[in-house]
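Beneath this line is the structure, given in structure tokens, with notes to follow.
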Amino acid sequence: MKLSELIQGLPVMLTKGDINIEVKGITKDSRKVDKGYIFFSTDNSGKYIEDAARKGAVALVADKEFQGPFKCSVIVTDPKEALGKAASRFYGLPSEKLNVIGITGTNGKTTTSYLIESILKSDGRKAGLIGTISYRYNGLTLKAENTTPGAGELHSLLNDMHKADIEFVVMEVSSHSLDQKRVEGVNFDTAVFTNLTHDHLDYHGDFEHYRNAKRILFKHYLMQSTKDDKSAILNMDDPYMNEFIPYTPVKTFCYSLSKNTDAYLTSYGEDIKGLRLECSIMGKTISITSPMIGIFNASNILAAGLFGYSSKIPPEKIIAGIEGLEGVPGRLERVKNTKGVYVFIDYAHTPDALKNVLEVLGRLKQGRLIVVFGCGGDRDTAKRPIMGSIASQLADFSIVTTDNPRGEEPKKIINAILEGFSANSYRVVEDRKEAILEGLEMSNEKDVVLIAGKGHEDYQIIGREVNYFSDREVVEEFYNVAH
């Protein structure tokens, strides 16, 4: 593809050189540059430009002029925006050929995406999924480096999905990706809002900036989408819901656990084995039995069911898709054992998520509720004592340990968590494996053990080292069960 074709419609201020050169690849990562590539300098420093030129980049896109042996330089107002739009064009505008569902919110994105994928597959639709746990389609599973890939990688992945005859793509859209314009150039059909609570303030600075980043999916990308039939699905139970409502011609649907709206619960039952729901969705009542537990999962089920109805999927297929999903890796994931202990692994790493999970398990428990958790290093420090307070109040016993300490001293993180404890029913075990084993060893039949914070992750970051580590495998090893 010629450079002149790629830069059509971009926020170009100036071009220097031959814009008719052929471009063989597109990237913002100098490590991935090859001969004939166009390099996007998105960090404003220009420190990777020399490396890109040395590796054979023929063109540069930046927000100011830099010296280099490029055949063409393109100066744009916003290289991040330009990258997404150029990548979409380079890979053949793949999102225009797919039905793209974007899901954002603090909690529930992954579970809702799995539910929607299961509903689509139940109806015989070919679906791909992009999210925190993995990117997968057509029997292929790729490890997820980020919840939402970078713009170049994202459009390449969408193109690969289209070539594999995928019809629908269900995508988690993180606040980081929205702020960094990683979904630039994606034309969404549907956007789903799950909820908004305290998270990622280490990156966004304050709650207002975090909330505004989330709103971009609805107020900008969904509104700018070229699709003819666009929908927003919003959680009416969230106090910030009104701020996410897009303008016409986008159709807005709402769901609630209690309020009479497009999708809501009419009655429900729950125990440690699952949910029994009676739901009204677009005026039709359906009954659902799900192995997932927790009323917050009923909210995710309503969102997914509402998507099914808005996409004209028959009710029996919606029910089959929801009931057929046994669970989501690391999201209140059960680990079966012969000891009669209910062991769950959950990704809860925010105060709200930990509170929700502990409240559910505390309500359903028959014995004690034991929680093993920590907090990540080099991240939001304000939440540490808050999470300590929540565990102190809602669990019968807490074992405070490491999460991903990264560059911080584990003891410092743990001490900050302990500031929130108001009871003495806790123990500190710094080594995470030993902490999990201790929680399992002290549990008895009918006790509930929650291992929180890392969920599906199969690594632990200590200092600069990334070590293989799986909460689930530690539990399976203890009980000597096969995955």
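The values are calculated or read from the model by the stated rules, or taken from the named source; none is laboratory data. Owing to the predicted nature of the structure, the values given are computational and were not obtained by experimental measurement. Counting neighbours? That spans all protein chains shown, and the Cβs are built from the backbone with ideal geometry, glycine included. The accessibility values were calculated without ligands, DNA or RNA, using every heavy atom of the protein model including side chains. Shrake-Rupley method; radii C 1.70, N 1.55, O 1.52, S 1.80 Å.
A few remarks follow.
- Residues located in the range 30-51, provided they are closer than 20 Å to Arg89 by Cβ and touching a helix residue (DSSP H, G or I) at 6+ places or on another chain (Cβ under 8 Å): Val33, Tyr37, Ile38, Phe39, Phe40, Ser41, Thr42
- Any hit, the range 106-117, residues being on the phi > 0 side of the Ramachandran plot and either in contact (Cβ under 8 Å) with a residue 12 or more places away in the chain or in contact with a strand residue (DSSP E or B) (Cβ under 9 Å, 6 or more places away or on another chain) (or both): yes
- Considering the range 468-481, the residues that are open to solvent by 20 Å² or more (accessible area, probe 1.4 Å) and within 12 Å of Thr338 (Cα to Cα) include one that is modelled with the lowest pLDDT, namely Val481.
- Looking across the range 332-381 at every residue that is in a helix (DSSP H, G or I) and open to solvent by 30 Å² or more (accessible area, probe 1.4 Å), the one that is modelled with the lowest pLDDT is identified as Asp352.
- Which numbered condition Gly283 fails, given (1) over 26 Å from the mean Cα position of the chain (by Cα); (2) open to solvent by less than 40 Å² (accessible area, probe 1.4 Å); (3) not hydroxyl-bearing (Ser, Thr, Tyr): (2)
- All positions within the range 424-459 that are open to solvent by less than 20 Å² (accessible area, probe 1.4 Å) and hydroxyl-bearing (Ser, Thr, Tyr): Ser443
- Of all the residues in the range 236-292, those that are under 21 Å from Ala320 (Cβ atoms) and β-branched (Val, Ile, Thr) number 6.
Residues checked against (1) closer than 20 Å to Tyr347 by Cα; (2) of a type in the set (Gly, Ala, Ser); (3) assigned to a helix (DSSP H, G or I):
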{"site": "Gly128", "(1), (2), (3)": "no, yes, no"}
{"site": "Tyr135", "(1), (2), (3)": "yes, no, no"}
{"site": "Thr147", "(1), (2), (3)": "yes, no, no"}
{"site": "Leu157", "(1), (2), (3)": "no, no, yes"}
{"site": "Asp160", "(1), (2), (3)": "no, no, yes"}
{"site": "Val183", "(1), (2), (3)": "no, no, no"}
{"site": "Ala191", "(1), (2), (3)": "no, yes, no"}
{"site": "Asn195", "(1), (2), (3)": "yes, no, no"}
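- Residue list for the range 231-261, filter: touching a Pro at 6+ places or on another chain (Cβ under 9 Å) and either within 24 Å of Phe207 (Cα to Cα) or buried (at least 19 other Cβ atoms within 10 Å of the Cβ) (or both): Ala232
- Test result for Phe421, crowded, with 17+ Cβ neighbours inside 10 Å, farther than 26 Å from Ala382 by Cβ and of a type in the set (A, V, I, L, M, F, W, C): no
- Just so you know, in the range 158-179 the residues that are modelled with pLDDT under 95 and open to solvent by 20 Å² or more (accessible area, probe 1.4 Å) include one that is farthest from the chain's Cα centre (by Cα), and it is Asp179.
- Phe218 passes every criterion in (1) open to solvent by 30 Å² or more (accessible area, probe 1.4 Å); (2) at pLDDT 95 or above apart from (1).
- Considering the conditions (1) closer than 26 Å to Thr147 by Cα; (2) touching an Asp or Glu at 6+ places or on another chain (Cβ under 6 Å), Ala86 is excluded by exactly one of them, (2).
- Among residues of the range 132-147 that are more than 19 Å from Arg182 (Cα to Cα) and open to solvent by less than 80 Å² (accessible area, probe 1.4 Å), those with a beta-carbon under 7 Å from a residue that is in a loop (DSSP other than H, G, I, E, B) and of a type in the set (A, V, I, L, M, F, W, C) at least six positions away or on a different chain give the pairs Tyr137/Ala164; Tyr137/Ile166.
- Residue match in the range 126-134 (condition: under 22 Å from Asp29 (Cα atoms) and not hydroxyl-bearing (Ser, Thr, Tyr)): yes
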